[in-house]
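Okay, so here's the structure we're looking at.
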Amino acid sequence: MAAPYQAHPSAIIDTPCTIGAGTKIWHFCHICADAVLGENCNLGQNVMIASGVRLGRNVKIQNNVSVYAGTIVEDDVFLGPSCVLTNVSNPRAAINRRSLYEPTLIRRGATVGANATIVCGVTLGRHCLIGAGAVVTRDVPDYGLVTGVPGRRRGWVSRHGHPLRSARDGVFTCPESRLRYRETAPGVLRCLDLDEDAPLPAALAVGTQPYRSFHDGLPHP
Ligand SMILES: CC(C)(COP(=O)(O)OP(=O)(O)OC[C@H]1O[C@@H](n2cnc3c(N)ncnc32)[C@H](O)[C@@H]1OP(=O)(O)O)[C@@H](O)C(=O)NCCC(=O)NCCS
């Protein structure tokens with residue numbers, strides 16, 4: 001029977017492992033034994049998934065990313081090109097810390113930008129966005145927009161990846177989806193129209209306009 005997933009002949013897939021239907025694995029990837037990949041994932045060129053790692057459904061991983069042991073990746077996560085995940089805070093070549101990996105939890109819908117580095121032991125909240133090149137050393141709340149070195153939260157970002165810059169009566173509206181958001185406590189943002197764990201309705205899952213067309217001319221915070 002044909003595999004329910006697609007893998008380029010140059011990919012190395014160790015056994016046993018579990019790969020969901022519809023998942024695509026491109027050139028020079030390495031899936032280690034005991035990895036679990038959900039349905040409809042896409043792994044670009046030169047992606048390594050370590051033994052025991054679990055990827056949720058619809059996870060998109062761009063070229064040159066290694067997902068090390070100790071990382072948990074939930075549904076709809078986007079890992080940008082050449083981003084770096086880690087699993088030991090104080091690595092030493094002469095000391096074996098294989099039983100001491102520090103977990104990194106990347107929650108549903110989170111995005112890690114190109115070349116960003118995630119220092120291990122943190123949680124990236126649901127639908128947060130880590131800007132290109134950031135170095136994340138602390139937990140990021142749901143919908144947090146983090147940039148810089150060290151990474152700092154610059155504001156909030158919608159599910160559709162738009163910075164939420166101005167609120168009317170305390171309510172932010174995403175310029176693309178029109179979904180509404182409100183801070184329910186200091187440092188806590190919630191969507192008023194869609195539960196954080198609910199999948200996007202199909203009608204809201206296709207982009208219609210380029211990013212800048214929503215933001216040009218708007219003041220920065
Ligand atoms: C953070 C991001 C979403 C843009 O947010 P934004 O608020 O629209 O940013 P703007 O372009 O309006 O810039 C606002 C300020 O933030 C700075 N900035 C933007 N992105 C930054 C980043 N990644 N790191 C540091 N500073 C950044 C800008 O230089 C600007 O600074 P200034 O006001 O001093 O000129 C975007 O820059 C980014 O990093 N996206 C990730 C892209 C990516 O990695 N894609 C991977 C797959 S293709």
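Using 5 Å bins from zero, what percent of all Cα-Cα pairs in the range 38-142 falls into each bin?
Whole-percent P(r) values from 0 Å outward: 3, 14, 24, 29, 18, 9, 3, 1.
Would you mind computing the Rg to Rh ratio of the range 141-221 from its alpha-carbon coordinates, Kirkwood style for Rh?
Taking Rg over the Kirkwood Rh, I get 0.95.
Along the range 176-187, what does the Karplus equation 6.51 cos²θ - 1.76 cosθ + 1.60 (θ = phi - 60°) give for ³J(HN,Hα), rounded to whole Hz, x for Gly and Pro?
Working through the residues one at a time gives 8, 8, 6, 4, 10, 9, 8, 6, 8, 7, x, x Hz.
Once the Cβ-Cβ distance between residue 84 and residue 169 is put in as r, and R0 is 30 Å, what FRET efficiency do you end up with, to the nearest 0.05?
0.15
What value, in deg cm²/dmol to 500, does the helix sum -39500 (n - 2.57) over DSSP H runs of n ≥ 4 give at 222 nm once divided by the residues of the chain?
Values: 1 runs with 4 residues, N = 221.
Result for the chain, helices only: -500 deg cm²/dmol.
Could you check what % of the DSSP bridge pairs in the range 64-138 are antiparallel, to the nearest 5? Walk me through the numbers on the way to the answer.
On the way: 0 of 13 bridges.
Just about 0 percent of them are antiparallel.
Using the count of nearby Cβ atoms within 10 Å as a rough guide to exposure, how do 105, 192, 85 rank from fewest to most?
Starting with the residue having the fewest Cβ neighbours, the order is 192, 105, 85.
For the chain, how big is Rg over Rh, using alpha carbon atoms and the Kirkwood form of Rh?
On the Cα set of the chain, Rg over Rh gives 0.99.
Taking the Cβ of each residue in 78, 172 as the centre, tally the other Cβ atoms inside 10 Å and list the residues starting with the fewest.
Sorted ascending by nearby Cβ count, the order is 78, 172.
Among 162, 215, which comes first, then next, by fewest other beta-carbon atoms within 10 Å?
Placing the least packed residue first, the sequence is 215, 162.
For the range 1-124, what relative contact order do you get, as a whole percent, if you take Cα pairs closer than 8 Å and at least 6 residues apart?
17
A short reminder: the numbers here are calculations on the coordinates, not readings from a lab. On a predicted model such as this, the values are computed, not experimentally measured, just so you know. Backbone-built Cβ (ideal geometry, glycine too); neighbour counts: all protein chains shown.
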